[in-house]
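This report refers to the structure that appears directly beneath it.
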Amino acid sequence: AQIVINEIMYNPPESNTDFLEYIELYNPTNANINLKDYRISEAFAVTFPDTIIPADGYFLVCVNSFKFDSVFGIKAMQWTSNNLNNTSERITLTNAAGAIIDSVRYFDIGNGWNPKADGDGYSLELCRPNVDNSKGEFWKISNSNTGITIEGKPFYGSPGKMNLVPC
């Protein structure tokens, strides 16, 4: 069973707060997966409690669960340390035994990464869950307008939903 890091909002269009940073995990399998004692490390630290990602389902982890829920109306698990770096960062998901399940290093510019994700209101979405998500060319800025405007910028992202960006 494989969990995929599927969407990243590393620099939302909020001045000096980044309360809406999030990472979306996706379970592309046809079986439920329990994340108990899985961890995300390097970017921030979080160890998952007894948590199920349903088959073909999503799980969100964010920097501020209260703000995230109040803006998107979606429950997400809050991580407890650090914000995501606004220039480049590695996000690594490991299982309970410490084996790497998925790892992504995003960049704000270069290496195939779109600079509009750097504070302009766009999340980064993986174009398909079965591609090599370590390559920037498979990450696209979201084309899903949430209908939410933050500091005059429309917010594009699809937290908890299927990504609609083309490869």
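The values are calculated or read from the model by the stated rules, or taken from the named source; none is laboratory data. Because the structure is a prediction, the values reported are computed rather than measured. Here the Cβ positions follow ideal geometry from the backbone for every residue, glycine too, while neighbour counts run over all protein chains shown. For accessibility, only protein heavy atoms count, side chains too; no ligands or nucleic acids. Shrake-Rupley method; radii C 1.70, N 1.55, O 1.52, S 1.80 Å.
Go through segment 113-159 residue by residue and tally those that are in a loop (DSSP other than H, G, I, E, B) and either on the phi < 0 side of the Ramachandran plot or buried (at least 18 other Cβ atoms within 10 Å of the Cβ) (or both). Step through it out loud before you land on a result.
Quick first cut of segment 113-159, residues in a loop (DSSP other than H, G, I, E, B) only: 114, 118-121, 123, 127-135, 142-144, 151-152, 157-159.
Restricting the remaining residues to those that are either on the phi < 0 side of the Ramachandran plot or buried (at least 18 other Cβ atoms within 10 Å of the Cβ) (or both) gives 114, 118-121, 123, 127-135, 142-144, 157-159.
Total satisfying the criteria: 21.
Only residues that are within 23 Å of Phe107 (Cα to Cα), open to solvent by less than 70 Å² (accessible area, probe 1.4 Å) and in contact (Cβ under 8 Å) with a residue 40 or more places away in the chain: list them for segment 30-58, please.
Selection gives Ile40, Ser41, Ala43, Phe44.
Filter segment 79-100 for residues that are within 18 Å of Leu60 (Cβ to Cβ) and either more than 16 Å from the chain's Cα centre (by Cα) or surrounded by fewer than 16 Cβ atoms within 10 Å (Cβ to Cβ) (or both) and give the result. Working first, answer last.
Just the residues of segment 79-100 that are within 18 Å of Leu60 (Cβ to Cβ), to begin with: 79-84, 89, 91-93.
Residues satisfying the conditions are Thr80, Ser81, Asn82.
I'd like the full set of residues that are aliphatic (A, V, I, L, M), part of a loop (DSSP other than H, G, I, E, B) and surrounded by 18 or more Cβ atoms within 10 Å (Cβ to Cβ), limited to segment 59-78.
At the first step, the residues of segment 59-78 found to be aliphatic (A, V, I, L, M) are 60-61, 63, 71, 74, 76-77.
Add one more test, that the residue is part of a loop (DSSP other than H, G, I, E, B), and what stays is 63, 74, 76.
Passing the criteria: Val63, Ala76.
Looking at this structure, is Asn64 polar (S, T, N, Q) and within 13 Å of the chain's Cα centre (by Cα)?
Working: polar (S, T, N, Q): yes; within 13 Å of the chain's Cα centre (by Cα): no.
No; evaluated as a whole, the condition is false for this residue.
Identify, by number, the condition in (1) closer than 17 Å to Leu124 by Cα; (2) part of a strand (DSSP E or B) that Pro13 doesn't meet.
Condition not satisfied by Pro13: (2).
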